Amino acid sequence: MNARLVLSDTGANFAVWEDAFLKGAPDIQLIQDRPERDLRGIRYCIGWKPVPGIFDRMPDLEALFALGAGVERFLADPTIPPQVRIVKMAEPGLTQAMEHYVLWQVLEHHRGIRELAAAQREARWIDQTYPAPWDRRVGVMGLGTLGDAVARLLRSFGFDTRGWSRSAKTIDGVRVFSGGDQIAPFVDGLEILVCLLPLTPETQGILNADLFRHLARGAALINVGRGAQLNEADLLSALDSGRLAGASLDVFAAEPLPPAHPFWRHPRIFVTPHLAADVDPESSALAIQRQIARFESGQALEHVADRNRGY
Ligand code: NDP
Ligand code: OXD
């Protein structure tokens, strides 16, 4: 198989990606886009976010491999013709990074690490208790490539784990809920809520006061989906009232998070700069190579975003 793949995004480091393809998928020639380059005949491209005008220059494009799992920006780009398949990244490096981040933050909340750190700063020897993991109710919103892996991992660490998705599914040992009418029983009494939803009109603002009201008092929120899923004012009120005890936020409505934003200095909010999970170039190159090989042999691509559903 010999394929030409254009890197459309100037934000991505071409040398790193070129090296990854040379090492893992040498039958794919990676080409860096330049304004003067003739892109007719190009069938595949990769990129992290849309580049204005580029899709008009690729009339033969068949598949766009996103360098991330969230593809809301590509889906919102009217210059991408409807026949172009927008493929969400699914590769082991991304999944494991997300598993690690969520497990790290769940354990922080479960074991009260931030209270311990505050006590150490004041040389206070505190008596802190915590329940057994099977008595800790943890819920994962979104059970796709990442949410499914995270829910299974939390379950394997012994947590009382629930999951919620749009369609019904089963995961061994995890109580799974689906659809809008099951969100209330899903969230009811949760002590740690993890959001791994894609950003769509339905999920915009879903992390709000109505939802927080159903959580256990003093629950924690971990948002690794998208910032626009969180109602920021509702979060601040919930932290003030004690409804929520803490939040770990990796994604924000405005990124980079502006320096004056109250989240930066809030004692109960842990901010990370959208780094919960990055793609690994080498394993991404392998995943893209496998996908192109499938496509060239007449099979359907996997992880293609559904334009009607919005993810
Ligand atoms: P997938 O598309 O594989 O999965 C999405 C999941 O969300 C599916 O289970 C889907 O349900 C569910 N879902 C979508 N809409 C709804 C809804 N209205 N109600 C209930 N469930 C819904 O995505 P990934 O798991 O690969 O990634 C999830 C998101 O994580 C990305 O879109 C991105 O926003 C975020 N992300 C963040 C990163 C970071 O560094 N912070 C890194 C990577 C991703 P169903 O299974 O029924 O289709
Ligand atoms: C992604 C991300 O969507 O890093 O992959 O946010």
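The values are calculated or read from the model by the stated rules, or taken from the named source; none is laboratory data. Because the structure is a prediction, the values reported are computed rather than measured. Here Cβ is always computed from backbone atoms with ideal geometry, including for glycine, and neighbour counts include all displayed protein chains. Just the protein is used for accessible areas: all its heavy atoms, side chains included, with ligands, DNA and RNA removed. Shrake-Rupley method; radii C 1.70, N 1.55, O 1.52, S 1.80 Å.
Amide H contacts for Arg136 (H built 1.01 Å from N in the peptide plane; partners 5 or more residues away or on another chain; cut-off under 5 Å): Asp160. Counting only protein chain heavy atoms and rolling a 1.4 Å probe, the accessible areas of Ser165, Ser156, Ser241 rank, largest first, as Ser156, Ser241, Ser165. Once the chain from His214 to Asp172 is taken as fully extended at 0.36 nm per residue, the excess over their C-alpha distance is 12.6 nm.
As a rough guide to protection, the peptides 137-149, 111-123, 7-19 ranked by mean Cβ packing within 10 Å, highest first, stand as 137-149, 7-19, 111-123.
Enter the Cα centre distance for the pair region 280-311 and region 67-113, rounded to the nearest angstrom. A separation of 15 Å, based on Cα centres.
Computed from backbone phi, the HN-Hα couplings of region 124-134 come to 9, 8, 9, 9, 10, 9, 8, x, 5, x, 6 Hz, rounded to whole numbers (Karplus: 6.51 cos²θ - 1.76 cosθ + 1.60, θ = phi - 60°; Gly and Pro given as x).
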